[in-house]
1. Give the residues of the stretch 134-153 that are within 7 Å of the ligand (Cβ to nearest atom) and at pLDDT 95 or above, sorted by residue number.
2. Just to be sure before I move on: is Val82 within 29 Å of Arg231 (Cβ to Cβ) and either surrounded by 21 or more Cβ atoms within 10 Å (Cβ to Cβ) or near the ligand (Cβ under 8 Å from one of its atoms) (or both) in the structure I sent?
3. Among the residues of the stretch 202-213, are any at pLDDT 95 or above, open to solvent by 50 Å² or more (accessible area, probe 1.4 Å), of a type in the set (Phe, Trp, Tyr) and under 25 Å from the mean Cα position of the chain (by Cα)?
4. Which condition breaks for Arg236 when tested against (1) within 16 Å of the ligand (Cβ to nearest atom); (2) touching a His at 6+ places or on another chain (Cβ under 9 Å)?
5. Could you give me the residue pairs with C-beta distances under 9 Å whose first residue belongs to the stretch 19-34 and is outside the structural domain of Val8 (by TED's automatic domain parsing) and among the aromatic types (Phe, Trp, Tyr), whose second residue is open to solvent by 30 Å² or more (accessible area, probe 1.4 Å) and more than 10 Å from the ligand (Cβ to nearest atom) wherever it lies, and which are 6+ apart or on separate chains?
6. Having 2 or more residues that are open to solvent by less than 20 Å² (accessible area, probe 1.4 Å) is the bar; report the strands (runs of 3 or more DSSP E) wholly within the stretch 237-352 that clear it.
7. Would you mind listing the helices (runs of 4 or more DSSP H) fully within the stretch 381-482 where at least 3 residues are modelled with pLDDT of 95 or more, open to solvent by less than 50 Å² (accessible area, probe 1.4 Å) and under 22 Å from Thr371 (Cβ atoms)?
8. Determine which member of the set Ala391, Ala436, Ala366 is more than 18 Å from Ile336 (Cα to Cα) and more than 26 Å from the chain's Cα centre (by Cα).
Amino acid sequence: MAALTRIVLVQCPQWGFVPPLALAQLAGSLKDAGLPVGAVDLNIKLYHERGEGYRHAFSWEQSNLWRDELADRFLEEHREVVARLLIDPLPMTGSVLVGFSVNQCSIRTSLLAARWVKEARPEAFIAFGGQWYADPENTETTLESGVVDAVVCGDGEQTLIDLARTLGDGGRPEDCAGLHLWRGGNVVATPERAPADMDALSFLDYSVLDLDDYKVPDNLYQDALMIMASRGCVRRCTFCGSRYPWEGFRSMSGRRIYDEIKHQLSLRGGYNILKFYDIVTNGNIRHISELCDLLIADPSVKLEWRETNCIVRPEMTPTLLAKLRKAGCAHVNYGIETGSNRVLKLMRKGQTAELAERVLRDTHEAGIEITANFLFGYPGETEEDFEETLAFVGRVHPYIDIFYPSRTFITMEPYSDMARHKDELGVDDGVDVFWALKDRSNTYPIRLARYEKFSRLLKELGAFESPGVNSSLELNHWHSLGRYHEYEKEFDKAAGCYRKYLALDPGSQDIRCRLEACENAGIPAR
Ligand code: B12
């Protein structure tokens, strides 16, 4: 194959309303390696060009829509946009490496867009990577599609660099470590590649993205510097699917994080906020303390840390909290989940209600705002346990600025330990939000009722409850309840919920189809 002329990184819908970190990280690494790279965030571009029928389809609470045929229908209806932004700009001659960043809500659109790239540029080399490939099964189904030449599992920086160079030199992908290829009807893996050393990573490169595209109402971080200083987590909560794509916990040193911040500030002004997208930012106390020292010693950095994901841990002392505040940490998210120590133990949360109360009080007294996340209906949670949570809220609400009750109450995340131990937990084979205990003592409506009781208590206490959805609480209520009844084959009840939804969002293509199907004497839309 001739020398490489272009590497194009692609993010298909559905993803968030923010510049994709994976694309910025990979672009930074490829550029540092002297390779020609560009990016196309089709997710945000299509969000701006979406038809009326898809007004709320990009909201996170409707993300399941992208896991079924709505995704194909949407992309087909917006094929012209994909051609204009991704395919037509691809060089007609020379060679191209097109890399798609894939998660469970973008695999369908990515495969379809990749098929269109192959039709227009048969010689283009297509590589898929991303969180979706935390599950080896997904690697096989993707390669079997026949439109993807290689799948990269895990960290992709060095693999993509080596792949680009190998192809550029006319070499074979087999000569590049970290790849999964389809050969003779089977997945063939080239030598495994070690996870990236976080301190050795290149700086993020956001210049490959049109940052004005993200100036949208649902992006709460329009003037935020977004970084990710760690991969993985130090905790093993049974309900968590987010840590699954990563083994263990790796974090940048305080110095490396500080250098990233300084580098980004040297490239672009106007950042007021620092947003860590880490699932845990205080996983390594030495690193975060070192960062605080560097920032406190450098008054030129005036960034407010907002929604910083932290875990409740004994090291969050008044001394460290005061230092965090001085360094700019103005707002943290704590996973509190429940006020019952019995349920915290079942969740393997690694904290007690007493420790949570102390850390919440000391964080509040350090002048740091708090968002506290709560879950409802963990398998095994009794009404008595839930009453303990309400009593806990009664004690700690003065310290908490924003209560974030999970809008899915508790999701059976496919890769969570909880999902892998359903039998032991007495959970039926229900899907992520609508699962139930086999004895029906814990169902979606029971979890909904606990959430509503929790929400009423917050109103009585005058505490603030975060809407936490992109569309609206009411739309989310009718959308979720409609899907639940449809899932339970209670089509009349589902139709009733969908009519309520359409009264608020009459243009919704998907809900209109679902209502029609539910009214058609019991044939479910899905
Ligand atoms: C941060 C984050 C977000 C942020 C995005 C921040 C940003 N600016 O990009 C926000 C909050 C916006 C977000 C949104 C969503 N998220 Co999210 N998110 C994450 C999180 C915690 C980290 C992902 C990340 O940015 N990592 C940083 C980058 C650098 O790492 P990376 O993406 O893994 O990329 C590396 C490799 O994967 C690989 N790679 C990635 N892309 C490519 C492409 C190629 C070609 C190659 C070769 C390699 C490669 O190389 C990269 C560098 O090493 C993950 C959890 C996790 N463990 O991954 C969940 C996660 C990815 N999210 C998930 C989902 C489903 C979503 C949503 C689509 C839907 C939803 N219901 O939440 C929404 C989007 C909808 C919406 N409207 O918001 C799921 C995906 C499940 C799956 N197995 O696919 C995860 C795993 C969470 C979970 N609990 O399951 N998310």
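1. Selection gives Val152 alone.
2. No; evaluated as a whole, the condition is false for this residue.
3. Within the stretch 202-213 (the criterion being at pLDDT 95 or above, open to solvent by 50 Å² or more (accessible area, probe 1.4 Å), of a type in the set (Phe, Trp, Tyr) and under 25 Å from the mean Cα position of the chain (by Cα)), the answer is yes, since at least one residue qualifies.
4. (2)
5. none
6. Where strands (runs of 3 or more DSSP E) fall fully within the stretch 237-352 and carry at least 2 residues being open to solvent by less than 20 Å² (accessible area, probe 1.4 Å), they are 273-276, 308-310, 331-337.
7. Hits in the stretch 381-482: 383-396, 444-461.
8. On the way: Ala391 fails: more than 18 Å from Ile336 (Cα to Cα); Ala436 fails: more than 26 Å from the chain's Cα centre (by Cα).
Of Ala391, Ala436, Ala366, the one residue that is more than 18 Å from Ile336 (Cα to Cα) and more than 26 Å from the chain's Cα centre (by Cα) is Ala366.
The values are calculated or read from the model by the stated rules, or taken from the named source; none is laboratory data. Quick caveat: nothing in here was measured; it's all calculated off a predicted structure. With ideal geometry, Cβ positions are generated from the backbone for all residues, glycine too; neighbour counts draw on all protein chains shown. These area figures cover heavy atoms from the full protein model, side chains too; ligands, DNA and RNA do not enter into them. Shrake-Rupley method; radii C 1.70, N 1.55, O 1.52, S 1.80 Å.
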